[in-house]
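Structure, as structure tokens:
The values are calculated or read from the model by the stated rules, or taken from the named source; none is laboratory data. Since we're looking at a predicted model, the values are computed, not measured. Here the Cβ is made from the backbone with ideal geometry for all residues, glycine too, and neighbour counts use every protein chain on show. Keep in mind that these areas ignore ligands, DNA and RNA; they rest on the heavy atoms of the full protein, side chains included. Shrake-Rupley method; radii C 1.70, N 1.55, O 1.52, S 1.80 Å.
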Amino acid sequence: MNTIEFNRATIRFNESFSLADIEWRIAPREIWAITGANGSGKSALVATLAGKGEIMSGSIEGIPPGVGVVSLEAQAELIERERERDDSDITDEISQGTPVAQMLDEVSTNSDLLDRLIEMFRFAPLLGRGFRKLSTGETRKVLLTRALTCDPEMLVLDNPFEGLDADTVPQVREMLRQKSNEITMVLVFNRFDEIPDFVTHIVYLENGSIKYKIETRDSSAVEALSQLLHLKKTDIEIPKADLNEKIPVLDDSSPLVRIRNASIRYGQNTVFQNLDWCIWPQQHWQLTGPNGSGKTCLLNLITGDHPQSYSNDIFVFGYQRGSGESIWDIKQYIGYVSTSLLWEYRVSINLINVVISGFYDSIGLYNEASASEKRIALQWLRLLGLEGQADQPFNCLSYGEQRLLLIARAMVKHPPLLILDEPCLGLDDINRQLILALIEKICLGSESTVLYVNHHAEDKIKGIKYHLSLG
Amino acid sequence: MANYFNTLTLRQQLSQLGKCEFMDPSEFSDGSNYLLGKKIVVIGCGSQGLNQGLNLRDSGLDVSYTLREAAITEQRQSWKNATENGFAVGTYAELIPGADLVLNLTPDKQHGAVVTEVVPLMKQNSCLSYSHGFNIVEEGMHIRSDITVIMVAPKCPGTEVREEYKRGFGVPTLIAVHEDNDPRAEGLAIAKAYAAGTGGHRAGVLMSSFIAEVKSDLMGEQTILCGMLQTGSLLCFDKMVENGVEPGYAAKLVQYGWETVGEALKHGGITNMMDRLSNPAKIRAFELAQEMKDIMRPLYLKHMDDIMTGDFSSGMMDDWANGDKKLLDWRKETGETVFESTESSDPEIPEQEYFDHGILMVAMVKAGVELAFETMTSAGIKEESAYYESLHETPLIANLIARKKLFEMNSIISDTAEYGCYLYNHACQPLLSDFMAKVDTDVIGRGLGLNDFYVDNHRLIEVNAAIRNHPVEAVGKTLRAHMRAMKKIV
Ligand SMILES: NC(=O)c1ccc[n+]([C@@H]2O[C@H](COP(=O)([O-])OP(=O)(O)OC[C@H]3O[C@@H](n4cnc5c(N)ncnc54)[C@H](OP(=O)(O)O)[C@@H]3O)[C@@H](O)[C@H]2O)c1
């Protein structure tokens, strides 16, 4: 590989985002970490290494042909490809999608490494499953495997550890460490504490420009940067609920959720069985479990999004499922955020209406919003530092910012049950602290019961005392 | 069985054809309560069957599936669709006798056989529903007189019916009650509750009749939707190649051009589609469309007449009886066209270029949509039905062609649409041959290549007014306003 050179490159991504005046040299076998706030251009910068964006001035030279990429953008492209291949809207075959084995085979050139990774990621049972049927963490593992086994000259990994279960992270880090002697890497990290010790250089981005470039040998510079990233947000105030919205009052003497002897099966495959769970008001829960253990399935039994909700014994918010209630009767009590929501939220809509759609439990907004709903939504945007963009299109935001907005959407109506499925994925340190502080506050209040899923031991929430572990 | 339409008096025919009214959202304030606790059994678990059933269940209704014996024993895809989603599945004998409402969601061609087998098993005073009325109207199927017969027809593919529901919205839907089978006068209440259960009421429900639905559906699909796009594809491609445009480029322009143009149509009607052209190109497209409309009008009238008299469906049913001989021959013929076998070239065509280099295609869409709409409304079909069966569905077929080109597009659409499409194509190609001889690559393939975009102001005002004042634009604007999902809400 040659040295890659960005010479005062200005690269445009869409109407509202460009990288400006990028000066950057990546020499062979250097390991770069890129950091910066959500929306600062981290993902955009690495996307340029995969040939994305339109160069408006300056130049980029020396990008090698074989680049292994893991990013939400790459994931989105694969999901889009699956959607295009899916003809179930025009045939009566409900598509199963491209199986994992084929997704791996189509790019892998290193079969030894492929076997090792399949073993390490415990993929074997998933090889026949369709790509879109995988859980968030499993999807990341497929992407990592594809990137590592295509014999790349350079690896570009946008948050390589994100979505992985706790015991896989060290293994992946170790694998990258070994590779770091052979190839160049550019790694993006939203969290400063995730930057591995074999990184040689750090870039800090702000508003689409490179603010700092430091060598990790220079420990005082690293120290200064880390302090910069840990500036605390002080005194957050949660916008109030809308007094005009009337979520019917629930009976305090019965649980919010009661699941008895539940099981989820796909064909021969059992995800979990004999599961019992009861959630009482004001008992905040944390749910953990390795990738693929069925956390999302379990949550979808509660939200009503899982078709097997009807074949299990589930009682939610006063309704025994399958007794004539509609899913909208149930969703009115729930605020929900997850990675799959991010993929499903594909409608043309502006920021403020995304938040307002939380009042209606809809994807997109199909009702006339009231003045008080708009006012509250604006307060949320202000809290997230996005009030200046209220009228901007949602799909122009970075994935991290999109997630912030969906969290606000989930919280906006102060729901009796707030389900946060790995809410901090993709958030930078500052926003993560903000969200964690918000969740803590909500736990201390009396309106919402919180159900929180996460992998990161550091992201513990104070008020959460109950714990369910799957798998 | 005799064609039902032809057994009616002229007055009855006209009143049925003219039945079509946009229902006020307040009519659905009761949601799907009318069906709460009733047993709904769906026959067939394909695209409509599965997705409508999922929505109805999520709306609190009791849904199960009945499949033909072989589908169950062989565990076919339809069986998997139902069981993997946690539905109860049984044979006709097991489930039909207990059903309050039976949804027939099998392919139209099978309706005769399926309904004949199922109706004797249905309990007294139950209800049978269709999502397309061909069997009742064209085949003249008689249903036992104690049974209520209704139709609930979503105007979108099944997957979209589901996706929109999950977002908290729905797709536009047409409902109807078969007047000969409404013994307890509850057909409308059932149809409304069913439409609400699929989410259709959020995007707009049209109260229609079996006859209006069938006659307009047949007319739309065989003329503008499948017919015009097929004929247009072949003529435009051949013209470009003949005049030296690189075949790979020509194939790509045609294959994806309809979809790009259709997208503009979907969001803002003919007006917006035409507005995507430069002023001089718009005037050219307008004039080409006028010329084609004059040439093709007799053909559209003939299709409408054959549909009204029943000649079209009896011809087609003869072919069914003959093992689809004609249909399959014609399908093969489509597969052998040069367009079909030419690989589209790789380089992306910028979105705007599809308009700039596809002026003739834009003109064909305009001519076809307007002619189909005019012909239907002049035959007594209401504007709202005519809109749904012409302009509204054009982008759907355009999208199919983008993904599958013509041969597969034809195999995927219903046999009825396919048969009609070939009839149209065989007549329309020769009809347009003199016209095509006169046009050149400036309107198809290369663009006008102007440096000077001069137009006469008076002419432009005249053309814009003619485009905007066409009746399909007025009704389209109202109906699209109800499909707010498409609107960027600001
Ligand atoms: N597709 C659309 O966009 C659309 C839109 C509006 C209305 N409709 C109407 O909806 C109805 C269903 O259309 P569709 O597109 O959903 O059809 P489809 O996807 O082809 O599904 C048909 C189902 O019927 C079953 N079936 C086929 N032949 C059968 C037979 N002889 N006896 C019993 N079951 C049989 C099939 O399962 P097995 O073969 O496994 O038995 C399959 O599950 C039609 O009336 C159509 O006009 C369709």
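Data table
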{"read-out": "Filter pass, A:PRO281 being within 29 Å of the chain's Cα centre (by Cα) and either part of a loop (DSSP other than H, G, I, E, B) or closer than 28 Å to A:LYS413 by Cβ (or both)", "value": "yes"}
{"read-out": "Selected residue (criterion: nearest to the other protein chains (Cβ to nearest Cβ)) from residues of the range A:336-365 that are within 15 Å of B:GLU164 (Cα to Cα) and of a type in the set (S, T, N, Q)", "value": "A:SER362"}
{"read-out": "Number of the exception - A:ALA369 against (1) outside any helix (DSSP H, G or I); (2) without any contact (Cβ under 8 Å) to a residue 24 or more places away in the chain; (3) closer than 24 Å to B:THR198 by Cβ", "value": "(3)"}
{"read-out": "Residue, farthest from A:SER18 (Cα to Cα), within the range A:37-77, restricted to residues that are at pLDDT 90 or above and among the acidic types (Asp, Glu)", "value": "A:GLU61"}
{"read-out": "Exclusive hit being of a type in the set (S, T, N, Q) and open to solvent by less than 70 Å² (accessible area, probe 1.4 Å), set A:SER220, A:SER226, A:SER253", "value": "A:SER226"}
{"read-out": "Residue match in the range B:475-487 (condition: over 15 Å from B:THR231 (Cβ atoms), open to solvent by 40 Å² or more (accessible area, probe 1.4 Å) and more than 14 Å from chain A (Cβ to nearest Cβ))", "value": "yes"}
{"read-out": "Residues being in contact with a Leu (Cβ under 8 Å, 6 or more places away or on another chain) and in a loop (DSSP other than H, G, I, E, B) - total across the range A:304-327", "value": "4"}
{"read-out": "Leading residue by the ranking (farthest from the other protein chains (Cβ to nearest Cβ)) among those in the range A:309-327 that are without any contact (Cβ under 8 Å) to a residue 12 or more places away in the chain and open to solvent by 50 Å² or more (accessible area, probe 1.4 Å)", "value": "A:GLN320"}
{"read-out": "Hey, A:ILE330 touching a Ser or Thr at 6+ places or on another chain (Cβ under 9 Å), more than 13 Å from every other protein chain (Cβ to nearest Cβ) and either closer than 28 Å to B:PHE87 by Cα or in a helix (DSSP H, G or I) (or both) or not", "value": "no"}
{"read-out": "Qualifying position, being of a type outside the set (Lys, Arg), open to solvent by 30 Å² or more (accessible area, probe 1.4 Å), outside the structural domain of A:SER340 (by TED's automatic domain parsing) and touching a His at 6+ places or on another chain (Cβ under 8 Å), among A:GLU30, A:GLU23, A:GLU106", "value": "A:GLU30"}
{"read-out": "Elements of type helices (runs of 4 or more DSSP H) in the range B:371-435, at least 3 residues being within 14 Å of chain A (Cβ to nearest Cβ) and out of contact with any Lys or Arg (no Cβ under 9 Å at 6 or more places or on another chain)", "value": "B:394-412"}
{"read-out": "Breaking point among (1) within 14 Å of chain A (Cβ to nearest Cβ); (2) buried (at least 24 other Cβ atoms within 10 Å of the Cβ), for B:ASP217", "value": "(1)"}
{"read-out": "Selection within the range A:338-358 - more than 23 Å from A:PHE17 (Cβ to Cβ) and modelled with pLDDT of 95 or more", "value": "A:ILE356, A:SER357, A:GLY358"}
{"read-out": "Cβ pairs under 8 Å, 6+ apart, first in the range B:129-143 and touching a residue at least 60 places away in the same chain (Cβ under 8 Å), second more than 10 Å from the ligand (Cβ to nearest atom) and among the basic types (Lys, Arg)", "value": "B:VAL137/B:LYS215"}
{"read-out": "Test: residue in the range B:290-311 that is among the β-branched types (Val, Ile, Thr), open to solvent by less than 20 Å² (accessible area, probe 1.4 Å) and within 30 Å of B:PRO247 (Cα to Cα)", "value": "no"}
{"read-out": "Wholly within the range B:74-175, helices (runs of 4 or more DSSP H) carrying at least 3 residues that are within 11 Å of another protein chain (Cβ to nearest Cβ) and near the ligand (Cβ under 8 Å from one of its atoms)", "value": "B:77-84"}
{"read-out": "The listed residue being in contact (Cβ under 8 Å) with a residue 60 or more places away in the chain and in contact with a Leu (Cβ under 8 Å, 6 or more places away or on another chain), out of B:VAL439, B:VAL463, B:VAL475", "value": "B:VAL439"}
{"read-out": "So A:ALA241, is it modelled with pLDDT of 85 or more and out of contact with any strand residue (DSSP E or B) (no Cβ under 6 Å at 6 or more places or on another chain)", "value": "yes"}
{"read-out": "Residues within the range A:109-134 that are buried (at least 19 other Cβ atoms within 10 Å of the Cβ) and of a type in the set (D, E, K, R), tallied", "value": "1"}
{"read-out": "Qualifying residue in the range B:39-54 (condition: in contact (Cβ under 8 Å) with a residue 40 or more places away in the chain, more than 16 Å from the ligand (Cβ to nearest atom) and crowded, with 23+ Cβ neighbours inside 10 Å)", "value": "no"}
{"read-out": "Looking only at the range B:65-91, and only at residues there that are in contact with a Leu (Cβ under 6 Å, 6 or more places away or on another chain) and hydroxyl-bearing (Ser, Thr, Tyr), the one that is surrounded by the most Cβ atoms within 10 Å (Cβ to Cβ)", "value": "B:THR66"}
{"read-out": "Checking B:LEU35 against (1) open to solvent by 10 Å² or more (accessible area, probe 1.4 Å); (2) within 22 Å of B:GLY168 (Cβ to Cβ), the condition it does not meet", "value": "(1)"}
{"read-out": "Residue satisfying condition, being more than 14 Å from chain B (Cβ to nearest Cβ) and either surrounded by fewer than 21 Cβ atoms within 10 Å (Cβ to Cβ) or more than 21 Å from B:GLY199 (Cβ to Cβ) (or both), within set A:PRO416, A:PRO393", "value": "A:PRO416"}
{"read-out": "Flag if A:LEU176 is assigned by TED's automatic domain parsing to the domain that holds A:PHE123, open to solvent by less than 40 Å² (accessible area, probe 1.4 Å) and either in contact with a helix residue (DSSP H, G or I) (Cβ under 7 Å, 6 or more places away or on another chain) or more than 15 Å from A:LEU117 (Cβ to Cβ) (or both)", "value": "no"}
{"read-out": "Of residues in the range A:366-390 being away from chain B (no Cβ under 14 Å) and basic (Lys, Arg), the one surrounded by the fewest Cβ atoms within 10 Å (Cβ to Cβ)", "value": "A:ARG375"}
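The rows are residues; the columns are (1) assigned to a loop (DSSP other than H, G, I, E, B); (2) within 14 Å of chain A (Cβ to nearest Cβ); (3) crowded, with 20+ Cβ neighbours inside 10 Å; (4) β-branched (Val, Ile, Thr).
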position	(1), (2), (3), (4)
B:ALA189	no, no, no, no
B:LYS192	no, no, yes, no
B:LEU206	no, no, yes, no
B:ILE224	no, no, yes, yes
B:GLY232	no, no, yes, no
B:MET240	no, no, yes, no
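Listed here are the residues, each with its yes/no results for (1) modelled with pLDDT under 95; (2) away from chain A (no Cβ under 14 Å); (3) in a strand (DSSP E or B).
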residue	(1), (2), (3)
B:SER15	yes, yes, no
B:GLU21	yes, yes, yes
B:TYR34	no, no, no
B:VAL42	no, no, yes
B:ARG57	no, no, no
